[in-house]
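Accompanying notes for the structure given below.
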Amino acid sequence: MISEEETVISGECDPRFAAVGEAFRENFRSQGEIGASVAVVLQGRLVVDLWGGYADRNKKAPWGRDTLVNVFSTTKGVTAICAHRLIERGLLAPETPVAKYWPEFAAAGKGHIPVGWLLNHRAGLPAVRKNLPDEALYDWKVMTDTLAAEEPWWVPGEKHGYHAVTFGWLLGELIHRVSGRSVGTYFREELGVPLDLDFHIGLDPTAQARVARISSSRMPPVDDDGKKLMQLLVSKPHGMVARAFTNPFSIINGVNTSAWRSAEIPSANGHGTARALARLYGILALGGDIDGIRVLSPETIRNCFQEESYGTDEILQTVTRFGPGFMLNQDRPGASYGPGRHSFGHPGAGGSVAFADPEASLGFAYVMNRMGPHILIDPRATALIDAVYP
């Protein structure tokens, strides 16, 4: 039993993972958690499925079993999975120039950039130079046409830098060109509905009542990486790094609006549950097949955790490691998905994270609505991950 003062935690937790439940509760006690959920899938079975707190900062609406929340860049992993399915089917090839599928992309000397550099953040297109109006964020054609015309910020292939928001339009337009479907539609039809995954890129208006309201962090960056990034944003407000996160400015102020939730921004506005993300990654951790449905082949999954970019990140201003579409373990405290050497997934701004650990046949996801100030993996998520691996 819990006291009346404690946050109500609901759901199920296998006794073997009792430490996860305790770490989840401690996040509410000492880390300022408002509302959140955490899920673990082991060998295809849901062994942790917990949720608690509130869907709003005023603590009027309890966080329920089916509460959805924006997971920001954790969306990138889902988009990458869609791209890898198309690669498996021969409709995309990592080594083929993007312009073969998207001829307009060849402008400004980009005709040689291969598909793989969009996946691993080496394309040199993390931002748009010209000022864009807020409404451009929700207009797919405006954003993809603008990026097709954009000149790279560095020599493509020579460096890597996190394509924080542009990743979704760049990869998403390729998915649209070769499949004839938007990313949100492709995911829903190929994986979401068949696997009963409550995850959405472009949220139907009927589901918006289930969405938790994001509460922005009021804390300044607390680690060296965050402080360095913030100093650069302030000192060069019109530079590449600032534009990557603020152009158009609705990237910052559009969250919690119906326009944001309804649009398809496949790098940043996926809405879902921890249960759905843990199940998806749990399937990949188990080999890619479940109930007669193949998500990805074992060979493709092995490719997902191969390092393709490593070193100082031109955008995040810290050392990062990426595979093709996924952020890998960063090999330093507070920035890893546990001890698995082959784990792959993606964190999101503010704290959410989801990943697969093929060595442990485990999928993990944590989502929340209070934004944290940390770069890469939030301490709340790290506490939960550490509890998974005692």
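A short reminder: the numbers here are calculations on the coordinates, not readings from a lab. Everything numeric in this text was worked out from a predicted model, so none of it was measured. Neighbour counts are summed over all protein chains in view; Cβ atoms, including those assigned to glycine, are modelled from backbone coordinates with ideal geometry.
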query = What relative contact order, as a whole-number percentage, does the range 280-390 give when Cα pairs under 8 Å and 6 or more residues apart are counted?
reply = 23
message = Please compare each pair in K100/K141; K76/K100; K141/K236 to a cut-off of 25 Å on the Cα-Cα distance and tell me which ones are over it.
response = K141/K236
Cα radius of gyration and Dmax for the range 281-331 (Å) = 13.6, 43
note = For I265, other-chain or 5+-apart residues with amide H closer than 5 Å (H placed, Pro excluded) are G202
query = Quick one: Cα centre-to-centre distance for the range 47-86 and the range 221-268, in angstrom?
reply = 20
ask   = From the phi of every residue in the range 374-385, what ³J(HN,Hα) in whole Hz does the Karplus formula 6.51 cos²θ - 1.76 cosθ + 1.60 yield, where θ is phi - 60° and glycine or proline is x?
value = 8, 8, 6, 9, 6, x, 4, 5, 4, 4, 5, 5
key: Helix 74-88 axis, angle to the chain major axis (alpha carbon atoms, nearest 10°)   = 60
query = Under a no-solvent Debye model with one identical scatterer per Cα of the range 223-378, what's log10 I(q)/I(0) at q = 0.10, 0.15, 0.19 Å⁻¹?
reply = -0.41, -0.90, -1.31
task = Return one quarter of the surface area of the convex hull spanned by the alpha-carbon atoms of the chain, equal to its mean projected area, in nm².
result = 17.4
remark   = D (µm²/s, integer) via Stokes-Einstein for the range 80-184, Kirkwood Rh across alpha-carbon pairs, 10 °C, 1.306 mPa s: value 116
query = When the Karplus curve 6.51 cos²θ - 1.76 cosθ + 1.60 is applied with θ = phi - 60°, which whole-Hz ³J(HN,Hα) does each residue of the range 123-128 get, with x for Gly and Pro?
reply = 6, x, 10, x, 7, 10
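Within the range 154-243, report the GluC sites (Glu not before Pro) that DSSP leaves as loop and that have at most 16 other Cβ atoms within 10 Å. Mind dumping the intermediate values first?
Working: sites: E158, E173, E189, E190; in loops: E158.
Within the range 154-243, the qualifying GluC sites (Glu not before Pro) (loop, at most 16 other Cβ atoms within 10 Å) are E158.
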request  = Sum -39500 (n - 2.57) across every DSSP H segment of at least 4 residues in the chain, then divide by the residue count to get the 222 nm mean residue ellipticity, nearest 500.
outcome  = -9000 deg cm²/dmol
query = Which of the peptides 228-240, 261-273, 52-64 is most tightly packed, and how do the rest follow, going by the mean number of other Cβ atoms within 10 Å of each residue?
reply = 261-273, 52-64, 228-240
Tilt relative to the chain, helix 18-30 - C-alpha long axis, 0 to 90 degrees, to 10 = 80
query = Which ³J(HN,Hα) values in Hz, rounded to whole numbers, follow from the phi angles of the range 37-49 under the Karplus curve 6.51 cos²θ - 1.76 cosθ + 1.60, where θ = phi - 60° and Gly and Pro get x?
reply = 9, 9, 9, 10, 10, 10, 6, x, 10, 6, 10, 9, 8
ask   = Which residues' amide hydrogens lie under 5 Å from the amide hydrogen of V211, considering only partners 5 or more residues apart or on another chain, with H built in the peptide plane?
value = L68
